[in-house]
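Undergrad: Below you will find the structure I want to go over with you.
The values are calculated or read from the model by the stated rules, or taken from the named source; none is laboratory data. The structure presented is a predicted model; accordingly, all values stated were derived computationally and were not measured. As a convention, Cβ positions derive from the backbone with ideal geometry for all residues, glycine included, and neighbour counts pool all protein chains shown.
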Ligand code: NI
């Protein structure tokens, strides 16, 4: 299952059931999925009622997710009103970085769990920043790890609360999955994600509309080394290296020690080829559109 063709074709939706790698909700034949237009389209419809299923925090405050769904601060560009000045500065400073550099965004799904701590050490040693797509129910089990991820400069993003198939879930369930995770991450780290990766890559019109209302971009991937499948460190390294191109989003899972063990070599080899490691938001120059779907930055 290695080689650029095969690995990339996984992106087109061949597998039936995977931890994170199957695509059931959007079309695309073999090869690379075309990303949504990277434009600053305005147009975020303001929703004036709370969607059923949105959850309120235990203390009775209205959650960020609910506020957005009520139309309070519904953004015209990706991001809630409350993005910290520090994060805005990072994005602004690096806005055009990937227009010139050979960028790659390493992304890690399903944590925090297992080998997340070890991965943070490796990324720190190599001075590499990545993007973590977190499962909400794991966030509440280990909020300290989420704080560490954020403090180290990594991008924190939403991967649903229970690793649910959001593309096929009823509307209320999808709303609950996304907003509970937003709130869990907010409580743990103080920041609110602007990126959503639907588990299994499963999305559709309804989830896209929801993401748009919530000011979130949908992030899929261009490279999938199938690290969850055979849990073979050398295979993960080989598949990533065979498939990666400048502008790619690479999908991996920090819940597997075998994957984390491949990261030092992947970083060294990509660095030797001149790659710059960026977060997903940086990869797209901070120009993500709410509801848009992104798999790679076009050259
Ligand atoms: Ni996943």
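Undergrad: Could you check the range 170-196 and list, in sequence order, the residues that are within 26 Å of residue 224 (Cβ to Cβ) and in contact with a strand residue (DSSP E or B) (Cβ under 7 Å, 6 or more places away or on another chain)?
TA: 178, 181, 182, 185, 193, 194, 195, 196
Undergrad: For the range 188-204, which positions are buried (at least 22 other Cβ atoms within 10 Å of the Cβ) and away from the ligand (no atom under 14 Å from the Cβ)?
TA: 188, 192, 193, 194, listed by residue number.
Undergrad: Further question: Is the range 205-214 home to any residue that is within 16 Å of the ligand (Cβ to nearest atom) and without any contact (Cβ under 8 Å) to a residue 40 or more places away in the chain? Lay out the reasoning, then the answer.
TA: First, pick out the residues of the range 205-214 that are within 16 Å of the ligand (Cβ to nearest atom): 207.
From what's left, without any contact (Cβ under 8 Å) to a residue 40 or more places away in the chain: none.
Checked against the condition, which is being within 16 Å of the ligand (Cβ to nearest atom) and without any contact (Cβ under 8 Å) to a residue 40 or more places away in the chain, the range 205-214 yields no hits at all.
Undergrad: For the range 197-217, state whether one or more residues are in contact with a strand residue (DSSP E or B) (Cβ under 9 Å, 6 or more places away or on another chain), modelled with pLDDT of 95 or more, in a loop (DSSP other than H, G, I, E, B) and within 16 Å of residue 106 (Cα to Cα).
TA: Yes: the range 197-217 contains one or more residues that are in contact with a strand residue (DSSP E or B) (Cβ under 9 Å, 6 or more places away or on another chain), modelled with pLDDT of 95 or more, in a loop (DSSP other than H, G, I, E, B) and within 16 Å of residue 106 (Cα to Cα).
Undergrad: Strands (runs of 3 or more DSSP E) wholly in the range 95-172 with at least 1 residues that are without any contact (Cβ under 8 Å) to a residue 40 or more places away in the chain, away from the ligand (no atom under 16 Å from the Cβ) and exposed (fewer than 15 other Cβ atoms within 10 Å of the Cβ) - which ones? Give the steps one after another, and end with the answer.
TA: On the way: elements: 102-109, 131-134, 155-158.
Fully inside the range 95-172 and qualifying: nothing.
Undergrad: So, one more: So, in the range 224-236, exactly how many residues are in contact with a helix residue (DSSP H, G or I) (Cβ under 7 Å, 6 or more places away or on another chain) and either in a loop (DSSP other than H, G, I, E, B) or surrounded by fewer than 21 Cβ atoms within 10 Å (Cβ to Cβ) (or both)?
TA: Here the count works out to 6.
Undergrad: Next up: Mind checking which residues of the range 240-249 are within 16 Å of the ligand (Cβ to nearest atom) and surrounded by fewer than 23 Cβ atoms within 10 Å (Cβ to Cβ)?
TA: Residues satisfying the conditions do not exist here.
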